[in-house]
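Asker: Quick one: structure below, then a few questions.
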Amino acid sequence: MKVYINGEFVDQADAKVSVFDHGFLYGDGIFEGIRLYNGNIFKLDEHLERLEFSARAIMLTMPWSRAEIAEAVCESCRVNGLTNGYIRLIVSRGVGSLGLSPKSCERPQLIIIADQIQLYPKEFYTEGLKVITVATRRLGPAALPPMIKSLNYLNNILAKIEAGHLGYVEAFMLNDQGYVAECTGDNVFIVQHGKLFTPPVSSGSLTGITRQAVFEISQELGLQLVETNLTRYDLWISKECFLTGTAAEVVPVVEIDGREIGDGKPGEITHQVLNAFKARVSVDGTKI
């Protein structure tokens, strides 16, 4: 595998960054996870726009244009012979001193890894996933805005570890007000009375690209979608539940905190959304 680092492709074994890079020292940087389906980079422009928003939010000036980054992403797929896969696009603050101040960082680093990923076993997509709510709370917008897709994912990692200790692969995270924010790496949707409900980004959830795709799909399917605060109770009594994310795609949930959701099987609306999502991933985006 070849990894793109600052304009050059290097062998995987030689893909290294300085220990003085502030991305390594402090998680000072941003990233995007992007999917490639049948030679189509799904919603590449939307991912790059979110990258720009994250950069602006943390006051990181990127010296590359959107077109230059897009071409580097496409070339990373071509160089590695990929037609299906996962792309990790990383922008770090760059090499600096040991102090917190980023003023010593002269130039950001652009790194692109084009490889494969499978977040959940295949049977979870047909049989459904069991999820638990963990005690680790999601950081709120007043601390580190979750809308920023930063290199600091320790909050989510701690929740993932907690879920693992309890025997689960995924967990719901609540915000400081006790409302559902998101899972450790996925957005949350529930179905009740034939409508879709999902937490607003102000609750502590990421502005997910797949989440936005579900918004578009809901319009196509004629489904009413409501952004509103959700409690654990709302999850427990939902008819259906599913998670969305670039790596996760659309995965059904059939049990929450030991409570069976619906009839304990992936629901009809979940299937409709999943099938509509699969139909668009190879056409909505940028051909490599």
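Asker: Ordering Val19, Val3 from largest to smallest accessible area (1.4 angstrom probe), what's the sequence?
Answerer: Result, largest first: Val19, Val3.
Asker: Considering the options Gly27, Val226, Val273, tell which one lies farthest towards the positive end of the dipole of the chain, charges being +1 on Lys and Arg and -1 on Asp and Glu at the Cβ, about the Cα centre.
Answerer: Towards the positive end, the residue furthest out is Gly27.
Asker: At a 1.4 Å probe radius, carbon and sulfur cover how many percent of the accessible area of the chain?
Answerer: 54
Asker: Among Asn175, Ile161, Thr133, whose Cα sits farthest toward the positive end of the charge dipole of the stretch 126-180 (+1 at Cβ of Lys/Arg, -1 at Cβ of Asp/Glu, about the Cα centre)?
Answerer: After comparing all options, I get Asn175.
Asker: In 10 Å bins starting at 0, how do the alpha-carbon pair distances of the stretch 202-282 split up by percent?
Answerer: Cα pair-distance distribution for the stretch 202-282, in percent: 16, 49, 33, 2.
Asker: Rounded to the nearest 10 Å², what accessible area does Asp284 have for a 1.4 Å probe in the complete protein model?
Answerer: 40
Asker: Taking 0.36 nm per intervening residue step and subtracting the Cα-Cα distance, what contour gain separates Tyr233 from Asp14 on full extension?
Answerer: Length gained between Tyr233 and Asp14: 73.9 nm.
Asker: While we're on this one: Report the dimensions of the stretch 105-210 along its three principal axes from the alpha-carbon atoms, largest first, rounded to Å.
Answerer: Over the stretch 105-210, Cα extents along the principal axes are 53, 35, 31 Å.
Asker: About its Cα centre, how strong a charge dipole does the stretch 142-229 have in debye, to the nearest 20, once Lys and Arg get +1 and Asp and Glu get -1 at the Cβ?
Answerer: It comes to approximately 60 debye.
Asker: A follow-up question, please. Long-range amide H contacts for Gly96: which residues qualify at under 5 Å (H placed 1.01 Å from N, peptide plane, sequence gap of 5 or more or a different chain)?
Answerer: Asp21, His22
Asker: Relative to the Cα centre, what is the charge dipole magnitude of the stretch 51-114, using +1 at the beta carbon of each Lys and Arg, -1 at the beta carbon of each Asp and Glu, and rounding to the nearest 20 debye?
Answerer: Taking the Cα centre of the stretch 51-114 as origin, the dipole is about 180 debye.
Asker: Quote the accessible area belonging to Met1 in square angstrom, nearest 10, computed with a 1.4 Å probe and with ligands, DNA and RNA left uncounted.
Answerer: 80
Asker: Taking the dipole about the Cα centre of the stretch 237-288, with the C-beta of Lys and Arg at +1 and of Asp and Glu at -1, give me whichever of Ile237, Gly264, Val251 is farthest to the positive side.
Answerer: The Cα lying farthest towards the positive end belongs to Val251.
Asker: Now for a separate question. How big is the dipole moment of the stretch 180-281 about its Cα centre under a simple scheme where the beta carbon of each Lys and Arg is +1, that of each Asp and Glu is -1, and everything else is neutral? Debye, nearest 20, please.
Answerer: 100
Asker: Between Thr126 and Asp257, what's the calculated FRET efficiency when r is the beta-carbon distance and R0 is 22 Å? Round to 0.05.
Answerer: Calculated transfer efficiency: 0.50.
Asker: Ok, one more. Which of the lysines could a cross-linker bridge to Lys287, judged by Cα under 19 Å and excluding same-chain residues fewer than eight apart?
Answerer: Lys43, Lys278
Asker: What whole-number value in Å² describes the accessible area per residue of the chain for a 1.4 Å probe?
Answerer: Per-residue accessible area for the chain comes out at 46 Å².
Asker: State whether the stretch 1-79 is rounded, prolate or oblate according to the following rule on the C-alpha gyration tensor (a ≥ b ≥ c being the square roots of its eigenvalues): a/c under 1.5 gives rounded; otherwise a/b larger than b/c gives prolate, and the remaining case gives oblate.
Answerer: oblate
Asker: Also: Which lysines, if any, have their Cα less than 30 Å from the Cα of Lys103, not counting same-chain residues under 8 positions apart?
Answerer: Cross-link targets: Lys16, Lys149.
Asker: Of Glu127, Glu106, which has the most accessible area and how do the rest follow, probe 1.4 Å?
Answerer: So the residues, ranked largest to smallest area, are Glu106, Glu127.
Asker: Rounded, prolate or oblate, given the Cα gyration tensor of the stretch 42-142, with a/c below 1.5 counting as rounded?
Answerer: Because a/c hits 1.5 or more and a/b fails to exceed b/c, the stretch 42-142 counts as oblate.
Asker: Oh, and also: Mean residue ellipticity at 222 nm from the helices of the chain, using -39,500 (n - 2.57) per DSSP H segment of n ≥ 4 over the full residue count, to the nearest 500 deg cm²/dmol?
Answerer: -8000 deg cm²/dmol
Asker: Just to verify a number: what accessible area does Thr126 come out at with the full protein assembly present, 1.4 Å probe, Å² rounded to tens?
Answerer: Surface open to solvent at Thr126 totals about 100 Å².
The values are calculated or read from the model by the stated rules, or taken from the named source; none is laboratory data. Not measured: the values here are computed from a predicted model. Glycine gets a Cβ as well: all are built from the backbone with ideal geometry, and neighbour counts include every protein chain shown. Remember, those area values only see protein heavy atoms, side chains included, never the ligands or the DNA or RNA. Shrake-Rupley method; radii C 1.70, N 1.55, O 1.52, S 1.80 Å.
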